[in-house]
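See below for the structure under consideration.
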Amino acid sequence: NVELSGMSARFVYASELYGSQYGPMDMEFSGFFNEDNDSMFTAGLLVRNDTLDSPLVISIGTRIYYADAGNAPGATNVKVAALTIGGEIIYIPANLKGFGFGAHVFIAPEIVTFMDADGFMEYGARIEYEITKQASIYLGYAKTRIDLQTGGSVSLQGDVFVGIGMRF
């Protein structure tokens, strides 16, 4: 997947792992970069309920995040590592002819958030059009919030983006 906004870019690679008795398992990696020279990298494992012809696809799992944020002039630089749990949901009903809706949330409380942070959350929503089972385009919003040990918070992203997704 490639997601672009006026201020940031995110690249996601996901590959299906075989052998899961509860549904396909995806291993994913991503990199995020913005115009303030902030960056965020993730690695994750998600189990998905890709069953028959269901219009609802639910994925649950974990992601490990590393972020270098606050690189804008006058901002406080922070480095963060977090072990999150969360999931994604995509609903593409047959009667909407390929249009669907999706949302995701990944959360890490203080106990599994490290370095300069006391909490971490990434969430977002999108409207998607599935061109084929292997290709889609979407418009979405995503935000990453990092709660700091020193108080306050930093937002790494918080903007609307356009994306394309391809499955092989």
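From largest to smallest, what semi-axes in whole angstrom does the chain give when each is the square root of 5 times an eigenvalue of its alpha carbon gyration tensor?
29, 18, 13
Given a 1.4 angstrom probe, I'd like the percentage of the accessible area of region 34-113 that is carbon and sulfur, rounded to a whole number.
Of all accessible area on region 34-113, carbon and sulfur atoms account for 67 percent.
Can you give the accessible area per residue of region 16-168, in Å², using a 1.4 Å probe?
56
Using the alpha carbon gyration tensor of region 53-141, what are the three equivalent-ellipsoid semi-axes (square root of 5 times each eigenvalue), largest first, in whole Å?
Working from the Cα gyration tensor, I get semi-axes of 33, 16, 9 Å.
So between F99 and I85, what do we pick up on full extension, going 0.36 nm a residue minus the alpha carbon distance?
In short, 2.3 nm is gained.
Under a GNM of the chain (C-alpha, springs under 10 Å), which listed residue has the highest mean-square fluctuation: L139, L148, L96?
L96
At a 1.4 Å probe, what is the % contribution of carbon and sulfur to the accessible area of region 116-162?
Carbon plus sulfur share of accessible area: 56 percent.
Report the extension gain between V162 and I127 in nm, rounded to one decimal, defined as 0.36 nm multiplied by the number of residues separating them, less their alpha carbon distance.
Computed gain between V162 and I127 is 11.6 nm.
The values are calculated or read from the model by the stated rules, or taken from the named source; none is laboratory data. Just so you know, these numbers come straight off a predicted model, no measurement behind them. With ligands, DNA and RNA removed, areas are computed over all heavy atoms of the protein, side chains included. Shrake-Rupley method; radii C 1.70, N 1.55, O 1.52, S 1.80 Å.
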